[in-house]
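What follows draws every value from the coordinates through simple rules; no lab data is involved. Source: prediction; values computed, not measured. Glycine gets a Cβ as well: all are built from the backbone with ideal geometry, and neighbour counts include every protein chain shown.
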Amino acid sequence: MTRTVIVGGGIGGLAAALAITRAGNRDGPRAEHSAGHGARHSDGHQVIVLEQASEFAEIGAGIQLAPNGLHALDRLGLGDTVRARAVHIDELRFMDGVTGDHVASMPLTGVYRSRFGNPYVVVHRAELHRLLLDACRRSPAIELRADSRATGYRQDDSGATVLLADGGQVAGDAVIGADGIRSAIRRQLVGDGAPRVAGITVYRTVIPMERVPEELRWNAVTWWAGPGRHFVHYAIAGGRYLNLAPSVENGVTEAFTGVAVDRDRVRRAFADLDGTARRLLALGEDWRSWSLVDRDPVDRWTDGRVALLGDAAHPMLHYAAQGACQALEDAVVLGDLLDEDTDAVPERFEEYHAVRHERTARITHAARASTRLWHPAGAEAKARNEMLSALSGTALHDHVAWMHGAREFGTAGVRR
Ligand SMILES: Cc1cc2nc3c(=O)[nH]c(=O)nc-3n(C[C@H](O)[C@H](O)[C@H](O)COP(=O)(O)OP(=O)(O)OC[C@H]3O[C@@H](n4cnc5c(N)ncnc54)[C@H](O)[C@@H]3O)c2cc1C
């Protein structure tokens, strides 16, 4: 029996609990993927998830899941449920936010779905979290403890213990820090200080779809690219709401989350965008703002019996829409690797890092680089438009294949 203590009950922590206890689809693709080492798995896993909040919950609006995220959910046995509740997106649409020109579209239907084996969807973040939570609650092997804030860990050759702010301790054979971008477990394990402030503010709001004029409703994740800023929108909650998320490079140096902001301030920041984009932005009433943060990739996410997962391991700008997808991928890989051999935990964690670090670092860099595509002005923007509009659907698919099409979730796959 392996006892794993997971710090953090977000999307990553809950997915890891499911993957490790194999509460998901044992007879599905996991069996295929685990061929050759499936014999090491049995029912001998117990997981405790420690969450600092008084209840397990998630706030926020829509979350995009590319096929790789859905493949991970398939492995957890939740793919069908998520697909049934999600908005299936038809295309990623790129607009010049200044001229209003439609520059390019990446189709996400027919060929994309058959090539990558899953659709590209948007789900409500709270709904995804609740589905994971319900699945954890159904598993007798998972214990969920709220009001449990971790401050660090200690370990010896035979086990690892999470230290709690209230003086309590929770011991196990393995500890996973899934406690987000300001992870207490990472602070001790990596010690790389506060996250990097990217100098960008993102504003977010959600509006009921009936308030959106008919001619502005299309089933796409749409980018309006402008100088030093861009604006993204897409439907969420089965199409009942439109999620609006404009971003501006304003050199902000402080980290802040969810700060209420006046609607006029948002409108002024995007006053030079095209009329259609401005019409959509003008529908927003209750805006909140976040300053974007991430971290440089590091070479170490494990320390003996302790490992990091999700944003604690590789927090990235949300511009690649992959942070949650990568947390789900981490969870599946860990679930494949951890077995009942408690002595082997440090080795399994090293292997997990070896499988995952290169892919997640590449996505972290890709997310940062996306502003180079979205934020140019003048002649540079014109050259970008010419380059993008010349690409075929297949060429666009080739461009994202490494990210969206992954089913093994590692640079070299799980090497066993
Ligand atoms: C604006 C925005 C848009 C995004 N859009 C997308 C998208 O479209 N697609 C996508 O894939 N990703 C997206 N992401 C990224 C995604 O939200 C994150 O990568 C994902 O939520 C990370 O999950 P996590 O479980 O690792 O961390 P978190 O969600 O941060 O969860 C950490 C959990 O740990 C708990 N915790 C923290 N500290 C402690 C402690 N000391 N002790 C105990 N518990 C603790 C927290 O309360 C929380 O419940 C977006 C992010 C942002 C900011």
So for each of 6-18, 325-337 I average, over its residues, the number of other beta carbons within 10 Å; can you give me the resulting order with the highest mean first?
6-18, 325-337
Given the candidates 213, 189, 171, the one whose Cα lies deepest towards the positive end of the charge dipole of the range 164-242, counting +1 at each Lys or Arg C-beta and -1 at each Asp or Glu C-beta, is 213
For the range 209-320, what is the Kirkwood estimate of the hydrodynamic radius, computed as the reciprocal of the mean inverse distance between distinct Cα atoms, to one decimal in Å?
16.3 Å
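How large is the dipole of the chain about the Cα centre if only Lys and Arg carry +1 and Asp and Glu carry -1, each at its Cβ, rounded to the nearest 20 debye? Could the numbers behind the result be given before it?
Numbers: 48 positive and 53 negative charges, 148 e Å.
My answer is approximately 700 debye.
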Would the range 266-397 count as rounded, prolate or oblate if I go by the C-alpha gyration tensor, calling it rounded below 1.5 in a/c and otherwise prolate when a/b exceeds b/c, oblate otherwise?
prolate
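May I ask you to derive the FRET efficiency for residue 59 and residue 166 from their Cβ-Cβ distance with R0 = 22 Å, giving the value to the nearest 0.05?
Numbers: r = 24 Å, r/R0 = 1.10.
So, using R0 = 22 Å, E works out to roughly 0.35.
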So for R0 = 51 Å, FRET eff. of residue 271-residue 154 from the Cβ-Cβ r, to 0.05, ends up at 0.40
Label-point gap, in nm, between residue 341 and residue 215 - each point 7 angstrom along Cα→Cβ
6.6 nm
Modelled label-to-label distance, residue 197 and residue 259, 7 Å Cα→beta-carbon offset: nm?
0.8 nm
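Starting from the coordinates of the alpha-carbon atoms of the chain, obtain the Kirkwood hydrodynamic radius over all distinct pairs and give the value in Å to one decimal.
About 21.9 Å for the chain.
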Quote the FRET efficiency, to the nearest 0.05, computed for residue 282 versus residue 182 with a Förster distance R0 of 35 Å and r equal to the Cβ-Cβ distance.
0.50
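Let me have the relative contact order for the chain, percent, based on Cα pairs under 8 Å that are six or more residues apart.
Values: 902 pairs, mean separation 95.1, N = 416.
RCO, the chain: 23 percent.
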